[in-house]
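Visitor: Here it is: the structure, laid out below.
The values are calculated or read from the model by the stated rules, or taken from the named source; none is laboratory data. This is a predicted model, so every value here is computed, not measured. Here the Cβ positions follow ideal geometry from the backbone for every residue, glycine too, while neighbour counts run over all protein chains shown. Calculation scope for accessible area: heavy atoms of the full protein, side chains included, ligands and nucleic acids excluded. Shrake-Rupley method; radii C 1.70, N 1.55, O 1.52, S 1.80 Å.
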Amino acid sequence: ATMVQKYQSPVRVYKHPFELIMAAYERRFPTCPLIPMFVASDTVNEYKSEDEAIHVIERRCKLDIDAPRLLKKIAGVDYVYFVQKNSLNRRERTLHIEAYNETFSNRVIINEHCCYTVHPDNEDWTCFEQSASLDIKSFFGFESTVEKIAMKQYTSNIKKGKEIIEYYLKQLEEEGITFVPRWTPPVACKLESSTSHTRQPVSPAINIPDSATKEGLNNKEILNTSSSPSEPTAGTPDDKLDADYIKRYLGDLTPMQESCLIRLRQWLQETHKGKIPKDEHILRFLRARDFNIDKAREILCQSLTWRKQHQVDYILDTWNPPQVLQDYYAGGWHHHDKDGRPLYVLRLGQMDTKGLVRALGEEALLRYVLSINEEGLRRCEENTKVFGRPISSWTCLVDLEGLNMRHLWRPGVKALLRIIEVVEANYPETLGRLLILRAPRVFPVLWTLVSPFIDDNTRKKFLIYAGNDYQGPGGLLDYIDKEIIPDFLGGECMCEVPEGGLVPKSLYRTAEELENEDIKLWTETIYQSASVFKGAPHEVLIQIVDASSVITWDFDVCKGDIVFNIFHSKRAPQPPKKDSLGAHSITSPGGNNVQLIDKVWQLGRDYSMVESPLICKEGESVQGSHVTRWPGFYILQWKFHSMPACATTNLPRVDDVLASLQVSSHKCKVMYYTEVIGSEDFRGSMTSLESSHSGFSQLSAATTSSSQSHSSSMISR
């Protein structure tokens with residue numbers, strides 16, 4: 001099975017002009033003492049334009065790869081040859097470097113693309129970026145060994161790249177060269193009407209789209225792809241991460257970790273327009289899955305859907321915790337620990353968990369815990385600024401003094417487990433350390449109930465002290481400054497955390513009241529969920545009276561891949577047999593499944609398709625709208641998307657086959673919201689909406705702003 005490894009670097013900024021960087025770069029040829037494996041390089045091809053603005057040079061480089069002797073013997077080679085083509089454009093001040101392997105090119109495909117360009121905000125600085133792909137088709141049965149060697153060599157070279165440039169800059173400086181003049185057109189050339197013929201062979205100074213480098217296209221093809229109108233923002237610096245920013249705000253990452261972050265972030269920007277989490281939060285999900293990009297993407301998408309469903313982004317601004325919580329929930333933020341992490345203090349032993357669950361229900365309690373976590377994220381960001389180093393997690397101090405059998409009340413433990421589960425899934429890697437103090441005798445019982453629900457990574461961060469051990473060596477003082485140890489733990493710092501105490505029984509609510517409350521919390525979300533099965537799509541009916549209305553939709557594909565369609569019919573479909581629109585099925589989080597299109601109806605006779613079908617992959621967010629041409633009935637349909645057998649050219653991987661078997665009985669889940677807007681309410685003109693139907697879909701993405709029709713929504717995803 002072949003596995004393609006990809007690498008994408010952050011932007012590295014050199015605070016030197018392009019011309020000086022080029023002078024330094026040129027010095028690494030034909031050989032470079034800093035790269036011992038770079039044994040030799042010969043120029044195979046060279047082209048210079050008359051005005052010397054363009055210089056293309058192709059070299060064949062000889063590498064002595066650091067691989068086990070046995071492997072070299074099996075492969076029958078001592079050296080590996082690469083072809084490297086450098087296209088320098090002195091007028092545009094860009095250097096594009098493309099490299100690929102010549103040795104074993106039928107077994108292993110390595111493509112690398114690097115570019116040096118002028119910094120968009122400062123023309124005396126230079127940016128460097130590189131991307132690469134490695135595809136090992138076969139290697140005498142040593143595929144994984146070769147992959148490991150290649151990755152190891154590559155990442156060590158990435159680290160070296162910067163040192164090499166800095167080494168030669170220093171060398172230039174020692175020789176008194178600190179300035180290299182910019183290219184200027186030769187005087188004679190100015191008489192010519194145009195210099196276009198000199199510009200032909202080099203790719204323009206654009207950021208080559210990722211897809212181009214993936215396929216290892218040659219320059220001509222890149223010229224064509226780059227000018228396509230769908231890449232308007234390719235070169236903007238603000239959607240890219242630079243190396244210094246990563247170090248300052250996100251921490252020391254290995255090159256491959258940086259690459260995972262950049263690629264996952266890029267994927268999110270393409271699929272989740274405008275709803276992309278902060279970099280440090282994306283990084284938490286990657287850490288939680290050991291930087292396995294696919295696994296991290298999966299849990300991050302689930303979490304984004306969950307955030308949207310429960311409007312979590314607005315919880316701090318819009319939700320006021322009930323008074324009972326403010327009085328009886330014995331937890332609160334309290335300064336920070338010695339590492340600068342925000343510190344949360346929870347006097348669990350003093351808290352009447354049973355009373356809180358009875359007075360509030362699980363939902364309100366969960367919501368309160370979520371607001372605490374949201375506040376934690378905010379404080380981490382704040383502390384990162386204050387302390388001048390990345391702080392991405394908090395420390396939690398739990399005081400168990402007073403814990404008793406009452407805390408083991410089943411519904412209370414059940415609520416606690418559910419809360420832990422939700423927090424684990426949506427706030428991974430946020431707990432830096434958990435200090436459990438004054439653990440009583442019943443604690444081990446509680447611990448055995450709770451610990452299976454806690455991620456191994458998280459469990460390693462727990463420190464448990466019985467009795468007064470926390471005051472001894474290796475205790476609290478190792479983690480928290482003396483000045484801020486709370487008074488109830490024998491410190492001198494006044495701690496504002498409420499003391500808890502028993503919730504008066506008069507505040508208890510009946511199970512029915514809580515039940516209704518819970519349902520209310522479920523329906524507070526404007527999104528509805530639906531299940532889609534193979535052979536059983538989910539359909540929603542919209543009746544249109546005013547011919548030029550706009551149907552808008554916004555949906556997330558929570559699970560599986562689906563096809564989205566919109567149909568028009570002059571006559572009303574029969575209401576569905578089962579009472580699927582009753583209050584019950586909508587509020588049940590499982591979601592509903594309704595078919596409206598009669599089995600005997602024929603497409604083209606009884607109803608017609610008014611937009612082309614849109615295939616939506618798991619984890620995608622789709623927004624769009626449709627201007628209705630006629631009154632009547634419109635049906636929005638989400639249908640199971642089955643992969644055609646021959647969709648992939650190569651044979652299916654074992655993993656894919658297993659994955660397809662696991663999709664539980666071919667069930668997809670969608671969370672959707674639709675609304676009809678009268679033409680008079682629609683922002684922007686109806687004409688711009690209409691025009692985007694007329695086949696100019698490439699242009700419509702650029703021209704229709706808020707009034708995006710469905711056809712442009714295909715691109716905007």
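Visitor: Taking amide H positions as placed in the peptide plane 1.01 Å from N, state which residues far from Lys273 in sequence (5 or more) or on other chains have amide H under 5 Å from it.
Guide: none
Visitor: ³J(HN,Hα) across segment 19-34 via Karplus (A = 6.51, B = -1.76, C = 1.60, θ = phi - 60°), whole Hz, x for Gly/Pro?
Guide: 5, 5, 4, 4, 4, 5, 4, 4, 6, 7, 10, x, 9, 9, x, 7
Visitor: Between Ser156 and Ile74, what length in nm is gained on full extension when 0.36 nm per residue of separation is reduced by their alpha carbon distance?
Guide: Result for the pair: 27.0 nm of gain on full extension.
Visitor: Over segment 4-115, with the other protein chains present, what is the accessible area per residue in square angstrom, probe 1.4 angstrom?
Guide: Counting only protein heavy atoms, the per-residue value for segment 4-115 is 47 Å².
Visitor: Rounding to the nearest 20 debye, state how big the charge dipole of segment 27-122 is about its Cα centre with +1 on each Lys and Arg Cβ and -1 on each Asp and Glu Cβ.
Guide: 380
Visitor: How far apart, in nanometres, would the label points at Glu382 and Lys247 be if each is projected 7 angstrom from Cα along the Cα-to-Cβ direction?
Guide: Distance between label points: 2.9 nm.
Visitor: Could you sort the peptides 429-437, 162-170 by per-residue average Cβ neighbour count (10 Å cutoff), highest mean leading?
Guide: Packing order, densest peptide first, comes out as 429-437, 162-170.
Visitor: Pop out the ³J(HN,Hα) list for segment 292-308 in order, Karplus 6.51 cos²θ - 1.76 cosθ + 1.60 with θ = phi - 60°, rounded to Hz; leave Gly and Pro as x.
Guide: Residue by residue, segment 292-308 yields 7, 5, 6, 5, 5, 4, 4, 6, 5, 5, 4, 5, 5, 4, 4, 4, 5 Hz.
Visitor: Moving on to the next point. For the pair Ala425/Ile149, report the inter-label distance in nm, with labels modelled 7 Å from Cα in the Cβ direction.
Guide: Distance between label points: 4.5 nm.
Visitor: While we're here: Among 277-284, 357-364, 146-153, how do they line up by average Cβ neighbours within 10 Å per residue, starting with the highest?
Guide: Peptide ranking by packing, descending: 357-364, 277-284, 146-153.
Visitor: Would you mind getting the accessible area per residue of segment 314-506, heavy atoms of the protein chains only, 1.4 Å probe, in Å²?
Guide: The answer is 47 Å² per residue.
Visitor: For a test of the definition: using alpha carbon positions, the gyration tensor, and the 1.5 limit on a/c, classify segment 314-506 as rounded, prolate or oblate.
Guide: Rounded, because the longest to shortest axis ratio a/c is under 1.5.
Visitor: Please label the shape of segment 5-175 as rounded, prolate or oblate, based on the square roots a ≥ b ≥ c of the eigenvalues of the alpha-carbon gyration tensor (a/c under 1.5 means rounded; beyond that, a/b larger than b/c means prolate, else oblate).
Guide: Prolate, since a/c reaches 1.5 and a/b exceeds b/c.
Visitor: Please work out the average accessible area per residue across segment 243-310, using the 1.4 Å probe convention, and give it in Å².
Guide: Per residue, segment 243-310 has 44 Å² of solvent-accessible surface.
Visitor: What is the local net charge at Val670, summed over the other residues whose Cβ is closer than 14 Å to its Cβ (Lys, Arg +1; Asp, Glu -1)?
Guide: Residues close to Val670 contribute a combined charge of 0.
Visitor: How would you rank 122-135, 242-255, highest first, on the average number of other Cβ atoms within 10 Å across their residues?
Guide: 122-135, 242-255
Visitor: What per residue convex hull volume, in Å³, comes out for segment 243-310 when only alpha-carbon positions are used?
Guide: Considering the Cα atoms of segment 243-310, their hull volume per residue is 85 Å³.
Visitor: Within segment 5-175, what whole-number % of the accessible surface is contributed by carbon and sulfur, with the 1.4 Å probe and all protein chains included in the calculation?
Guide: With neighbouring chains kept in place, the figure for segment 5-175 is 50 percent.
Visitor: Follow-up question, since we're still on this one. Gain in length, Ile615 to His335, computed as 0.36 nm per residue apart minus the alpha-carbon separation, to one decimal in nm?
Guide: 95.9 nm
Visitor: How do Leu377, Leu34 stack up against each other in accessible area, from largest to smallest, with a 1.4 angstrom probe?
Guide: Final ranking, largest accessible area leading: Leu34, Leu377.
Visitor: So what are the ³J(HN,Hα) numbers for segment 535-547, from phi and the Karplus equation (6.51, -1.76, 1.60; θ = phi - 60°), rounded to whole Hz, Gly and Pro as x?
Guide: Per-residue couplings from phi come out as x, 9, x, 10, 10, 10, 9, 10, 9, 10, 9, 7, 3 Hz.
Visitor: Here's something else I'd like to know. How much of the accessible area of segment 314-506, probe 1.4 Å, is carbon plus sulfur, in whole percent?
Guide: 52
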